[in-house]
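Only one structure is covered here, and it is reproduced in the block below.
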Amino acid sequence: RITDIVNSDMTIGHAGSTHIGESNAGLTQSVTASGITIVADTWTYDKLADLKYSVNRAYRRNASFMFNDATCALLEKLKDNDGRPLLNVSAREDKPDTILGHSFFINDYMADSGTSSNICALFGDFSKYRIRIARGTTLKRSAERYFEEDIVVFLALMRIDAVLRDDRAIRSLAVA
């Protein structure tokens, strides 16, 4: 559950909360918009190519896509102009599956491409998004506090923050 909360915070942020860094903005709020939008669930080869080429070529070499599982299912059905699938499933275990020659990450905290006014996909060099964890995670267990109710309580403390070091490295695609 801790890593799930951290993933949520680092992806979408929690404005107004105090449990992530000063900006309280996740990756989707930190990236620069590409200006490319799709209508709900209407992915095309051209829109993916536009997103890819909205990132400076210096960052495309190490770039990847990020979207949720439902979006991946839609993209797996897409084909290029010659009828070949855009999502290439690797036959080798040590090689990632690719879209337009780039690997991709499934992150269930990315918005669905069927939901209006949301960022549904990212593309870029994610190594420019730095997550800092200070002093690791502290986990405390207490069986005494709620002894009479026979409840054991766990408390986890983590100091974490993140920043996008170069706003030219990642671009977003939104649903209009």
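The values are calculated or read from the model by the stated rules, or taken from the named source; none is laboratory data. A quick note: this is a predicted structure, and the numbers were derived from the prediction, not measured. Counting neighbours? That spans all protein chains shown, and the Cβs are built from the backbone with ideal geometry, glycine included. For accessibility, only protein heavy atoms count, side chains too; no ligands or nucleic acids. Shrake-Rupley method; radii C 1.70, N 1.55, O 1.52, S 1.80 Å.
Would you confirm whether or not segment 27-44 contains a residue that is of a type outside the set (Lys, Arg), in contact with a His (Cβ under 7 Å, 6 or more places away or on another chain) and modelled with pLDDT under 90?
There is no residue in segment 27-44 that is of a type outside the set (Lys, Arg), in contact with a His (Cβ under 7 Å, 6 or more places away or on another chain) and modelled with pLDDT under 90.
Do we find that residue 49 is closer than 16 Å to residue 26 by Cα and either among the small types (Gly, Ala, Ser) or open to solvent by 60 Å² or more (accessible area, probe 1.4 Å) (or both) in this structure?
Spelling it out, it is not the case that residue 49 is closer than 16 Å to residue 26 by Cα and either among the small types (Gly, Ala, Ser) or open to solvent by 60 Å² or more (accessible area, probe 1.4 Å) (or both).
Going by what's in this entry, would residue 89 be described as touching a Phe, Trp or Tyr at 6+ places or on another chain (Cβ under 9 Å) and either modelled with pLDDT under 90 or open to solvent by less than 100 Å² (accessible area, probe 1.4 Å) (or both)?
No; evaluated as a whole, the condition is false for this residue.
Considering only segment 98-117, I want to know if a residue exists there that is open to solvent by 40 Å² or more (accessible area, probe 1.4 Å), more than 13 Å from the chain's Cα centre (by Cα) and modelled with pLDDT of 85 or more.
yes
Are any of the residues in segment 164-175 of a type in the set (S, T, N, Q) and touching a helix residue (DSSP H, G or I) at 6+ places or on another chain (Cβ under 6 Å)?
no
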